[in-house]
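Data first, discussion second: the structure below is written as structure tokens.
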Amino acid sequence: MLVEQRVTNDAKSPVVAYLLLIFLGGFGAHRFYLGKTGTAITMLILFILGWLTLVLGVGLILLAVVGIWCFVDIFLIPGMIEDDKNDMRRMMGSELR
């Protein structure tokens, strides 16, 4: 019961994750917040390269990929938050033993 209370208090907020996705999605801010650093850095690099190469036409493809990725993340955020909660439960459970 103590573990569940702590998980509830320390869990990532879906509201914050969605706000970061809406306003800073191209930068991968929501993925940084949810602890998905590797994919967040990839998203950030694609976004920056997309803007830098927009004049060449290649950037449009990269920005489209980031846009589609952000759209897909709308549906993935609840699962990411649940995974984070499960990781916290496992970590706290092993600390208590």
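The values are calculated or read from the model by the stated rules, or taken from the named source; none is laboratory data. Computed from a predicted structure; not experimentally measured. Positions of Cβ are backbone-derived with ideal geometry, glycine not excepted, and every protein chain shown enters the neighbour counts. Surface accessibility is based on the protein's heavy atoms, side chains included, excluding ligands, DNA and RNA. Shrake-Rupley method; radii C 1.70, N 1.55, O 1.52, S 1.80 Å.
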Original post:
With labels modelled as points extended 7 Å from the Cα through the Cβ direction, what inter-label distance (nm, one decimal) is found for residue 65 paired with residue 41?
Top reply: 1.7 nm
Subject >> Size of electric dipole in the chain: Cβ of Lys, Arg +1 and of Asp, Glu -1, about Cα centre, debye, nearest 20 >> reply: 80 debye
Original post:
Pulled fully out, how much extra length does the chain show between residue 89 and residue 1, if you take 0.36 nm times their separation in residues and subtract their Cα-Cα distance?
Top reply: 30.6 nm
**OP:** Any chance you could look up the accessible area of residue 72 with a 1.4 Å probe, heavy atoms only, rounded to 10 Å²?
**Re:** 60 Å²
Original post:
Taking only protein heavy atoms and a 1.4 Å probe, what accessible area per residue, in Å², does the chain have with all protein chains in place?
Top reply: 65 Å²
Subject >> Heavy-atom accessible surface of the chain: percent carbon and sulfur, 1.4 Å >> reply: 72 percent
Subject >> Approximate spin-label separation residue 15-residue 74, in nm, with each point projected 7 Å along Cα-to-Cβ >> reply: 2.1 nm
**OP:** Return one number: the angle in degrees, 0 to 90 and rounded to the nearest 10, between the long axis of the Cα atoms of helix 37-52 and the longest principal axis of the Cα atoms of the chain.
**Re:** 20 degrees
